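In what follows, a structure is listed as structure tokens, so that the remarks can point back to it.
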Amino acid sequence: MPKSPGSPDYGSGTIPINEKAILSRLRDTSQIYSRINSKMKSRRAIIARVISENMSGNDTGTNVIPPFDQSQMIIRSTLGEPAKAVQHYATRLSTNVPQFTVVPLTEKKKLTEGMNRLAGEQERLDAELWQEACAVAGGRGEHQRIAEAMVVGGAGYFLVLPRDLAYGLPDREYFTDLTDESVKEMMGKGELSPSKVKHPKNGKMVYAESGDVWAGRRKQALKDQKVAGKGLFMVRALPRDMVLREKDAEGVKWAAVVETVSASTFGPGSAWAMAAAANDKDFDGNPASYSLMINEKGQVIGGISQGAPDGYPVKGTAQFTFITYVDREELVYLVSGPNQVQGGREIWRGKHHCKVRGVSSCPIIEVPCIRGDIDLPEYEFMSPLDPLYAVIPNINQMLTMRSNIAVWNATPRFVVELNNGSTLRGNDGEPVAVQSAPTPGMNPEDIAAYPGNVKQLTINATDLDHAIEIMFNRLDLYMPPPVSTGVAGASAPAWQVHQLIGQAQEALRQPADNLAYGITDAILMMHSWLRQLDMDVYFWDAPSGRYNSREMRGLIEFKPEDLTDSVVVKLELDTPEDLIVVDQVWQTRLKDGLCTREEYFENGARSQDAYAATIASYGQMVADSLLFGQPLPGSSLLSLVAQRVMGRLKVELPEWSENAARAQSQDMLMEAQEAQALAAAGVSPDQAMAGGGQAMIPGAGMPPQEAPAPGGGPQPYTGGAPMPLGPGEVPIGQPGDNSIANAVGIVRPGMGMADTLAAQLGRPEGG
């Protein structure tokens with residue numbers, strides 16, 4: 001779109017915006033947002049149940065009307081339901097961590113194992129980037145804070161920036177006083193740049209450390225940061241009334257975070273005061289003595305450590321206004337007087353290099369709760385609790401009136417009703433209330449001189465009570481549904497509870513999706529900075545989807561060039577209790593054949609990687625079959641896998657365990673002895689199987705004292721001396737042996753055992 005004449009595009013990279021222009025933007029925008037900030041202030045007072053003297057009682061419904069305002073016992077009523085509702089909805093939005101799914105991009109329409117591995121690694125990398133970035137500013141609290149901002153004000157904001165614009169990495173080293181001999185030696189070792197380069201500070205041509213050495217130091221620094229648990233980025237969650245911004249067709253054009261900080265933040269020797277000193281072209285003193293003060297107009301001045309110069313009008317202040325200004329190119333920090341944006345002073349500026357999908361972007365992300373259909377500041381965002389905020393002041397007002405009426409009626413006041421039906425009145429024409437002090441009540445002596453009846457003054461609150469009942473019925477409609485708070489549905493079937501939960505979550509489905517989109521934008525910003533870093537990054541592997549390790553976390557190196565922006569972030573609203581119900585529903589679907597196992601793990605078990613979880617479940621079924629005898633379908637692929645695994649176990653188990661080798665050897669020897677006994681008895685293998693095997697052998701299974709006498713037939717092997725070999729037989733484990741022992745390789749040495757099975761059993765070699 002062509003730009004109109006005379007409309008310079010400040011802050012878009014075309015024209016750098018100066019301090020004066022920034023302050024002008026802030027002044028104009030703050031006036032536009034003044035009504036929004038006023039509304040936010042009253043909402044916070046309602047939620048926190050704070051009654052402020054500088055806030056109109058009409059905003060919170062706590063104003064006391066005459067004559068109750070003259071009472072010595074003024075009662076203001078504030079309901080706690082708004083705080084309860086905000087906490088519930090915010091907890092729902094923040095109870096689950098976001099799930100990151102990387103969708104590999106390919107032109108060949110084929111997912112390779114390498115692509116699947118990289119996708120899994122990036123999912124874990126993105127999850128860790130988000131967790132670490134939030135931890136810099138307060139951990140999962142940032143997730144909770146953005147949820148509260150959305151529910152209270154209708155929208156919140158993410159400010160996303162590197163922890164520092166240099167990522168905390170070492171600068172390149174420059175050498176200004178090297179001898180020719182040192183230059184030759186360092187170049188020979190590859191430690192020096194091939195030629196002189198321009199010094200970034202003074203512009204002189206000097207030698208610098210080689211690019212490879214510098215890159216190695218930076219890479220090691222990245223690794224050390226990761227080991228120390230330091231993240232590269234930070235994410236701040238901000239409420240609506242802390243952010244001034246302007247949007248265009250491409251999104252947020254510029255934004256400013258306005259917050260109040262203590263004066264000590266800019267005291268002499270502080271980091272911010274030092275930065276301001278470096279930015280002050282007129283300051284030539286010691287940076288450690290630099291501080292900020294304000295003049296009589298509230299404008300910030302700097303460079304004053306021991307008080308103002310003679311005759312300079314200054315005043316101290318306990319607070320400053322700190323402003324973080326960002327547009328699509330620059331990051332600027334400014335300081336202003338307390339509770340204002342005018343008269344500010346720029347103390348630092350730099351390029352932030354934020355891009356989303358290759359386009360320069362403002363690192364402020366707008367996260368609407370519910371987006372309206374008009375972009376006017378007062379109407380563009382909504383919250384599911386907006387009706388609650390509207391009705392609460394009315395209820396507070398009615399309850400305040402009702403509480404004061406109750407106190408009024410509880411304190412006896414009496415008038416004299418004369419015989420003619422009129423009320424005894426004073427000179428001012430008002431009824432004369434008869435009340436004795438100090439104890440409220442009627443003193444007969446006060447009214448003895450007046451003919452008539454004594455009547456108590458009371459206020460009839462019937463209509464007010466009816467109105468309060470109506471308002472509380474409306475209040476129930478605006479509070480979170482009972483099923484979402486666990487109040488209802490406990491005795492209903494799982495499918496019915498699941499349906500009720502889904503209906504209750506409808507109010508938060510759009511906010512949850514908007515929050516997921518905001519997290520996606522934040523991750524894409526981090527991707528752009530990582531690509532510009534042009535160095536491998538590290539992250540801690542964790543038990544996740546695409547592998548099955550549970551015992552350890554390894555440091556994984558990831559190349560930024562492998563990052564893809566094809567990222568989908570999903571944010572679920574279910575609590576752990578809800579997930580039990582959801583899992584039951586999907587287990588039923590799986591059992592009835594209404595979904596695949598992978599669909600179950602994705603939607604029921606909510607696995608980070610449903611495919612890997614499916615494969616792991618198949619592996620567990622095979623393991624349960626082998627270890628515990630759990631049945632498997634006889635003709636299934638899993639049954640075949642189990643058979644192959646069992647065969648492999650027979651091969652490898654003796655090598656893993658000496659006890660296993662001995663036990664297997666004993667079993668095989670017993671089988672061989674039984675076979676010999678059957679052959680000697682003239683029993684075929686089929687006959688043995690038909691008769692239960694060992695029962696067909698004379699004397700088999702009998703106690704030793706009941707065994708046949710020597711010479712009375714073949715003797716079963718009962719241990720002790722080796723059994724003699726028959727014609728043509730070879731020792732088990734010897735060359736030519738066709739037994740299972742030889743087939744599975746049990747004759748191989750292992751675990752400190754003898755070289756052959758015969759030797760392992762104490763049997764003489766060769767028989």
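The values are calculated or read from the model by the stated rules, or taken from the named source; none is laboratory data. Predicted model, so just to flag it, every value in this text is computed and none were measured. Note that we place each Cβ from the backbone using ideal geometry, even for glycine, and neighbour counts take in every protein chain shown.
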Q.
Looking at the stretch 576-604 only, could you name the residues that are assigned to a loop (DSSP other than H, G, I, E, B) and either touching a Cys at 6+ places or on another chain (Cβ under 8 Å) or buried (at least 16 other Cβ atoms within 10 Å of the Cβ) (or both)?
A. Cys595, Gly604
Q | Qualifying residues in the stretch 251-275 (those that are touching a strand residue (DSSP E or B) at 6+ places or on another chain (Cβ under 8 Å) and not hydrophobic (A, V, I, L, M, F, W, C)) - the one farthest from Asn37 (Cα to Cα) | A | Thr265
Q: Spot the failing condition for Ala208; the list is (1) part of a strand (DSSP E or B); (2) closer than 30 Å to Glu148 by Cβ; (3) of a type outside the set (Ser, Thr, Tyr), and only one is missed.
A: (2)
(Q) Condition (residue is touching a residue at least 40 places away in the same chain (Cβ under 8 Å), basic (Lys, Arg) and part of a helix (DSSP H, G or I)) applied to the stretch 181-188: is it met by at least one residue? (A) no
Q. List pairs: first in the stretch 274-287 and part of a loop (DSSP other than H, G, I, E, B), second among the polar types (S, T, N, Q), Cβ under 9 Å, 6+ apart or cross-chain?
A. Gly285/Ser305; Asn286/Ser305
Q: Within the stretch 591-610, work out how many residues are under 30 Å from Thr91 (Cβ atoms) and either over 22 Å from the mean Cα position of the chain (by Cα) or at pLDDT below 80 (or both).
A: 8
Q. Which one of these is on the phi > 0 side of the Ramachandran plot, in a loop (DSSP other than H, G, I, E, B) and free of Cβ contacts under 8 Å to residues at least 24 places away in the same chain: Gly343, Gly429?
A. Gly429
**Q.** Residue match in the stretch 397-417 (condition: within 60 Å of the chain's Cα centre (by Cα) and either modelled with pLDDT under 70 or assigned to a loop (DSSP other than H, G, I, E, B) (or both))
**A.** yes
**Q.** Residue selected from the stretch 238-250 under the condition of a type in the set (D, E, K, R) and under 21 Å from Arg43 (Cα atoms), by the criterion surrounded by the most Cβ atoms within 10 Å (Cβ to Cβ)
**A.** Arg240
Q: Tell me, please, whether a residue that is at pLDDT 85 or above and either touching a Ser or Thr at 6+ places or on another chain (Cβ under 8 Å) or within 30 Å of Asp513 (Cβ to Cβ) (or both) can be found in the stretch 611-618.
A: no
Q) Counting only residues that are crowded, with 18+ Cβ neighbours inside 10 Å and closer than 22 Å to Ser361 by Cβ, how many does the stretch 251-283 have? A) 7
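If you take the residues in the stretch 325-353 that are hydroxyl-bearing (Ser, Thr, Tyr) and crowded, with 22+ Cβ neighbours inside 10 Å, which one is nearest to Tyr33 (Cα to Cα)?
Here the residue is Tyr325.
This table checks each residue for (1) modelled with pLDDT of 85 or more; (2) farther than 30 Å from Gly231 by Cβ; (3) within 24 Å of the chain's Cα centre (by Cα).
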residue	(1), (2), (3)
Ile51	no, yes, no
Met55	no, yes, no
Val86	yes, no, yes
Ser94	yes, no, yes
Val102	yes, no, yes
Glu132	no, no, yes
His143	yes, no, yes
Ala149	yes, no, yes
Gly153	yes, no, yes
**Q.** Residue list for the stretch 58-87, restricted to those being part of a helix (DSSP H, G or I) and either surrounded by fewer than 17 Cβ atoms within 10 Å (Cβ to Cβ) or basic (Lys, Arg) (or both)
**A.** Asn58, Asp69, Gln70, Ala83, Lys84, Gln87
Q: Would you mind stating whether Gly554 is among the small types (Gly, Ala, Ser) and modelled with pLDDT of 85 or more?
A: no
Q | Unique residue being closer than 19 Å to Trp348 by Cβ and at pLDDT below 80 when the list is Gly302, Gly311 | A | Gly302
